[in-house]
Every structure is written in C-alpha cells, then in structure tokens.
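K.L.:
Take this structure first; my questions come after.
The values are calculated or read from the model by the stated rules, or taken from the named source; none is laboratory data. What you see is a predicted model, and the numbers here were worked out from it, not measured in a lab. Every residue, glycine as well, gets a Cβ built from its backbone with ideal geometry; the counts of neighbours run over all protein chains shown.
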Amino acid sequence: MDTLSRQQRHNNMAAIRSKDTKPEMIVRRGLWKRGFRYRLNHRRLPGHPDLVLRKYRTCVFVNGCFWHGHNVALPRMSDGRCKMDDVIVDSECCRIPHTNREFWVNKIRRNKERDKEEQRKLAEMGWHCITIWECELKPSKREETLESLAFTLNHIYLQDHRTNKMEEVRGEKEDELEMPMAAETDFDR
Ligand SMILES: [Zn+2]
C-alpha cells in the first residue's frame, strides 16, 4: 500500500535527492567521531561515491531505500521491462507507488543496475565498496550500523596490510601492523 500523500512523497523525494542528506550526514559524523577521514563525492570515481576513504581503499555509498530499491527484486522480462505486480513485492523500506507503478519500477531497476555496474568498476580498480542503507540509520539501529562500519573498515585495513606487506615487514615488530589510533589522521580533504 502506498500510504504517503502526494505532498509527503514529494517532500521525501526532495529530501532524499538533495546533497548533504541526513543519512549521509549521520554516516559522516559517525565516522569522523571514530577518527576516520574521508573525501566526499569523489568526481573521478565511478558513481561518485558519497565517501571515499583512500587509506582503506574503500568507497562508502549511503543509499536511500526508495531510490535504490532496498530489498526489492525487480526481475526483467525478455523485452527488458520488469514484470509487474505479480512478482514485485514492496519491501518494508521501499514501497513502490501504485500510481505510475511501471514507471517507478523501471526507474528503480535502472538505478539498481547502475549501482551494481559502478561498484563492479570500482572493484576492478581495487576499491572495496560498502553500502549503508537509510533504514540502517534509524535511531534504533544507528550506533550498531556505525560500529559495524568502523569494524569492517579496520578489518579491511588489516587485511590489505597483512597481505600486501607481510613480505616486506617480516622480522619487524608485530605492532607495526596495528591500526593507527583514532587520534592520528590522514586528513586529505
Ligand atoms: Zn532499507
């Protein structure tokens, strides 16, 4: 059921579209507070990732659940369009409007395909990609999501450095491989 009024939906979409959207600000603040430094909307990378953490070879996308079709499967038909209502089930956080449903389904499907393609390109260039969904930033889930993001980033850093540098650091003290503390920065904005 599409329960939002036209005006509400308009407001939602306008909010989601704008730069510095709230979910993105939550992620930025959460990472900053934990000592991570990043660049914003990197123009030269595919998909212009919302946050780029070069030291971690990681791009973070903060996705609106509606525009990026969180948890909705939109299979294609042979003519490239989506099958309509029989197979499309709205998810809790992505309710596709019933008015102009076909338009929205195709639009969201294209967005999803573009996301996938951009992340594939980034992966080919050696970047890790992490997607944070808007619904994971609800007040009740926010801290857990940010903690888990920080954990993943640290894990990536250690993995990369273990695999890349094991040879050259052999014989050095083990603590050379530890994560820098939060107070250290690679402030590169
Ligand atoms: Zn969601």
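Residue-wise test of (1) surrounded by 12 or more Cβ atoms within 10 Å (Cβ to Cβ); (2) of a type in the set (V, I, T).
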position: V89; (1), (2): no, yes
position: C94; (1), (2): yes, no
position: N100; (1), (2): no, no
position: W104; (1), (2): yes, no
position: K107; (1), (2): yes, no
position: K112; (1), (2): yes, no
position: E118; (1), (2): yes, no
position: K121; (1), (2): yes, no
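Conditions tested, residue by residue: (1) at pLDDT 95 or above; (2) assigned to a helix (DSSP H, G or I); (3) touching a Lys or Arg at 6+ places or on another chain (Cβ under 9 Å).
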residue: V105; (1), (2), (3): no, yes, yes
residue: S140; (1), (2), (3): yes, yes, no
residue: L146; (1), (2), (3): yes, yes, yes
residue: K165; (1), (2), (3): no, yes, no
residue: F187; (1), (2), (3): no, no, yes
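K.L.:
Now for a different question. What single numbered condition from (1) more than 16 Å from the ligand (Cβ to nearest atom); (2) in a loop (DSSP other than H, G, I, E, B); (3) basic (K, R) fails to hold for R95?
P.N.:
(1)
K.L.:
Name the residues in the range 39-56 that are over 18 Å from R142 (Cβ atoms) and touching a strand residue (DSSP E or B) at 6+ places or on another chain (Cβ under 6 Å), would you?
P.N.:
Answer for the range 39-56, where residues must be over 18 Å from R142 (Cβ atoms) and touching a strand residue (DSSP E or B) at 6+ places or on another chain (Cβ under 6 Å): R39, H42, P49, V52.
K.L.:
From A15, A73, grab the single residue that is within 16 Å of the ligand (Cβ to nearest atom) and at pLDDT below 75. I'd like the intermediate steps shown before the answer.
P.N.:
Working: A73 fails: at pLDDT below 75.
Unique residue meeting the criteria: A15.
K.L.:
From (1) away from the ligand (no atom under 16 Å from the Cβ); (2) in a helix (DSSP H, G or I); (3) modelled with pLDDT of 95 or more, pick out the condition that doesn't hold for H10.
P.N.:
Among (1) away from the ligand (no atom under 16 Å from the Cβ); (2) in a helix (DSSP H, G or I); (3) modelled with pLDDT of 95 or more, the lone unmet condition for H10 is (3).
K.L.:
Read through the list (1) within 15 Å of the ligand (Cβ to nearest atom); (2) out of contact with any Phe, Trp or Tyr (no Cβ under 7 Å at 6 or more places or on another chain), then give the number of the only condition that T131 fails.
P.N.:
Here T131 clears every test but (2).
K.L.:
Taking the condition at pLDDT 95 or above and either under 30 Å from N154 (Cα atoms) or surrounded by fewer than 19 Cβ atoms within 10 Å (Cβ to Cβ) (or both), does L4 pass?
P.N.:
The answer is no for L4.
K.L.:
Please find, within the range 147-161, the residue that is surrounded by the most Cβ atoms within 10 Å (Cβ to Cβ) out of those that are of a type in the set (A, V, I, L, M, F, W, C) and more than 16 Å from the ligand (Cβ to nearest atom).
P.N.:
Within the range 147-161, the match that is surrounded by the most Cβ atoms within 10 Å (Cβ to Cβ) is L153.
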